[in-house]
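The values are calculated or read from the model by the stated rules, or taken from the named source; none is laboratory data. Quick caveat: nothing in here was measured; it's all calculated off a predicted structure. Virtual Cβ from ideal backbone geometry, glycine too; neighbours counted across all protein chains shown. With ligands, DNA and RNA removed, areas are computed over all heavy atoms of the protein, side chains included. Shrake-Rupley method; radii C 1.70, N 1.55, O 1.52, S 1.80 Å.
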Amino acid sequence: MTKQNPLALEAESGIGTDMAVAAGKPKSSSGVGGGGCSAHKPPPGPCGGKFAMGSAAMAERMVLKDLEINGPARINSWVDSMRASSPTHIKSTASSLSANGDDHTNSADWTGNLASALAMFDEILKQSEGKQIFMFSDYDGTLSPIVDDPDRAFMSVAMRRTLRKVAKYFPTAIVTGRCRDKVYNFVRLAELYYAGSHGMDIKGPTKPSKSKHMIIKGSDGSCIGGNSQAVEFQPASEFIPMINEVYEALMEKTNSIFGCKVEHNKFCVSVHFRCVDEKRWSEVAQEVRSVLKQYPKLRLTQGRKVLEIRPIIRWDKGMALEFLLESLGLDNCTDVFPVYIGDDRSDEDAFKVLRERKQGCGILVSRFPKNTNASYYLREPAEVLGFLRRLVKWKRCSLRTQSSQ
């Protein structure tokens, strides 16, 4: 089957956003004027599977739909959308969770329909029986706590130690909106896959794994994966000069707004307003809008107290997940069980891919109920740590049992 172009521009003019009311169809890529993106396609996987298109994630009702930078939308609408996507979060306390993540029975603060991934751990293992688990995770708010200064979003020593053990037993990838190099400097584990800039900058492990998970055997004994170090993909390289210009312009425009921080993530730019007085959020929105009016090939998305400027290409965390599976020859194979853990709206693209594939599971990290395509929840990074520790413990016990037989 012929693959669709994952990099088709999503609009002829103006800048759409992912501030959507609910999941919708992507804008048509037909009739795009001159100067469009070149059609870089990911290499076909050994399984020859279809490389499905990503789609917009489900979002809260208050979040704006199809806001255009050059359209008539009022700044007040932007600010309302910024508030809707940035709920006030209760800070974690030491008493909220035991060190091994076992305190999952007290779910009074969760009123959604999802079950705890810790409480349903055995069910998840049952679903993955006879399959190769492939771990995917966001970084901020998932492996590390959300902090006021994004440059200080360090993961704990315990999390790094546990993540190294996870990667020993399972292929493991970090999929983040951050610059890939920056996240690598936070994590410093060369045996992981890294997908930065919302999956627009992907690279496989630079350190050979000591485990055998890179050569994956199917139920019939055939090899269905390998050569992880060959994985490298940058679908938006031609946008780098444009992103550089926008970064410089936003640095200058927001310089006088106390607490506003502009972060260069190579293929996207993040404008953090977490430390900005809410009375000045409209100024942040005004400055971002004034800059983006000049760049019709960029779009605006938003996360937890952050506005993100990205190229208008059909590429997101869900497509990055599929690319990694396909690169290892796992795209159309039933012997793989992807687990994706994330806390941000951008992670919904990955959750939706797994739900549509009816394969693996998505785990939302949140202390508050949300509309989501995930199957389970964890409340905070401490619970993520508990879940990963249990996964490692289970795998070790499983291998010991096999070796003794």
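Key figures for this structure:
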quantity: Solvent-accessible surface (1.4 angstrom probe) belonging to W281, in square angstrom, nearest 10; calculated: 10 Å²
quantity: Modelled FRET efficiency - R0 22 Å, E238 with Q294, Cβ distances, 0.05 increments; calculated: 0.80
quantity: Dipole axis of the stretch 141-191 (+1 Lys, Arg; -1 Asp, Glu on Cβ), positive-most option in V175, S144, M159; calculated: M159
quantity: The stretch 261-405, relative contact order in percent, only Cα pairs under 8 angstrom and at least six apart counted; calculated: 14 percent
quantity: Estimated FRET transfer efficiency (Q286, N371; beta-carbon r; R0 35 Å; 0.05); calculated: 0.75
quantity: E129, E383, E287, ranked by accessible area, largest first (probe 1.4 Å); calculated: E129, E287, E383
quantity: Spin-label pair E278/N113, simplified geometry with 7 Å Cα→Cβ offset, distance in nm; calculated: 3.0 nm
quantity: In Å², nearest 10: area of D344 left accessible to a 1.4 Å probe; calculated: 20 Å²
quantity: Carbon and sulfur %, accessible surface of the stretch 302-405 computed with the full protein complex present, 1.4 Å; calculated: 46 percent
quantity: Exposure of I240 as accessible area (Å², to 10), given a probe of 1.4 Å and all protein chains; calculated: 50 Å²
quantity: In nm, spacing of pseudo-spin labels at S403 and D335 (7 Å Cα→C-beta vector); calculated: 2.3 nm
quantity: Calculated FRET value between A84 and A158, using beta carbons and R₀ = 35 Å, to 0.05; calculated: 0.55
